[in-house]
Amino acid sequence: GIQVEQSPPDLILQEGANSTLRCNFSDSVNNLQWFHQNPWGQLINLFYIPSGTKQNGRLSATTVATERYSLLYISSSQTTDSGVYFCAVESYNQGGKLIFGQGTELSVKP
Amino acid sequence: DAMVIQNPRYQVTQFGKPVTLSCSQTLNHNVMYWYQQKSSQAPKLLFHYYDKDFNNEADTPDNFQSRRPNTSFCFLDIRSPGLGDAAMYLCATTLFGTDTQYFGPGTRLTVL
């Protein structure tokens, strides 16, 4: 099956810093989502981005489908950005089944 | 606001005592999913419903069952919980064809 790898596994930032999280996947996908899991366990949908670039406030994401990777950019990080960021993909004809990467655990220090 | 609701948020059960977790949604989505997430791991799909059509993952233990009595509700039944079933259980929904999955807040299950 499709493999999803995220890097780095852990990241510590000072408040106000910028960061880039990466997601590599091993096969063509028709669905790619970025999620933020807060300290209480809630998974929040950040982007649905199987290709192209999207921006939402301080967050933006780019997926280069032909090269099988996606990047999540966080600018001017805040302590509320702390948590685990997951990339999840669905390959074609998988009926909506998302395969998650192992996540990047982000800690933003004041 | 339209949302995915899970009850209870925290559930404690005893080893071998059946437990039911519930999920409801006001999004009128036709697909509902149950994921299991153990500590420091990624969510893992257990099964999903496309309308009333049940789809079980090949590696989901028989101990886990699900019911979807109507569009809005879906239940996860664990018939004989073991210590290894302690985890966060996440419900998600999507409208088939839109591809974005929306997650509930999860139920954290403790097995004593």
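Values in this text are rule-based calculations from the coordinates and carry no lab data. Please read all numbers here as calculations on a predicted model, not as lab measurements. Reconstructed Cβ throughout: ideal geometry from the backbone, glycine too, with neighbour counts over all protein chains shown.
Just a few scattered comments:
- Averaging 1/r over every pair of different alpha carbons in the stretch B:6-112 and inverting the result gives a Kirkwood radius of 13.8 Å.
- Cα gyration tensor category, rounded, prolate or oblate, for the stretch A:48-92 with a/c compared to 1.5: prolate
- Cα extents for the protein assembly as shown along the principal axes, largest to smallest and rounded to whole angstrom: 48, 39, 35.
- Peptides B:25-36, A:80-91, A:47-58, A:20-31 ranked from most to least packed by the mean count of surrounding Cβ atoms within 10 Å: A:80-91, B:25-36, A:20-31, A:47-58.
- Dipole moment magnitude, nearest 20 debye, chain B about Cα centre, only Lys, Arg, Asp, Glu C-beta charged: 360 debye
- Of the residues A:14, A:83, A:33, the one whose Cα sits farthest towards the positive end of the charge dipole of chain A is A:33 (charges of +1 on Lys and Arg Cβ, -1 on Asp and Glu Cβ, taken about the Cα centre).
- Full-stretch length increase - residue B:58, residue B:72 - with 0.36 nm per residue and alpha-carbon distance subtracted: 2.5 nm
- Across the stretch B:58-105, Cα-Cα pairs more than 16 Å apart make up 54 percent of the total.
- In order along the stretch B:90-95, phi translates into HN-Hα couplings of 10, 9, 9, 9, 8, 9 Hz, rounded to whole numbers, per the Karplus curve 6.51 cos²θ - 1.76 cosθ + 1.60 with θ = phi - 60° and x for Gly and Pro.
- Share of alpha-carbon pairs per 10 Å distance bin for the stretch B:29-74, given as whole %: 26, 51, 21, 1
- When the C-alpha to C-alpha distance is required to be over 25 Å, the pairs from A:97/B:38; B:17/B:52; A:54/B:44; A:109/B:44; A:54/A:97 that qualify are B:17/B:52; A:54/B:44; A:109/B:44.
- In a reduced charge model with +1 at each Lys and Arg Cβ and -1 at each Asp and Glu Cβ, chain A shows a dipole moment near 180 debye about its Cα centre.
- The Cβ shell under 10 Å around residue B:38 holds other residues with a net charge of 0, Lys and Arg each +1, Asp and Glu each -1.
- Cα centroid of the stretch A:1-27 to Cα centroid of the stretch B:80-101, whole Å: 23 Å
- Net charge of Cβ neighbours under 13 Å - reference residue A:7; Lys, Arg +1; Asp, Glu -1: -2
- For the stretch A:1-109, the alpha-carbon coordinates run over 41, 26, 20 Å along the three principal axes, in decreasing order.
- Label point distance in nm, residue A:40-residue A:65, each placed 7 Å from Cα along Cα→Cβ: 3.6 nm
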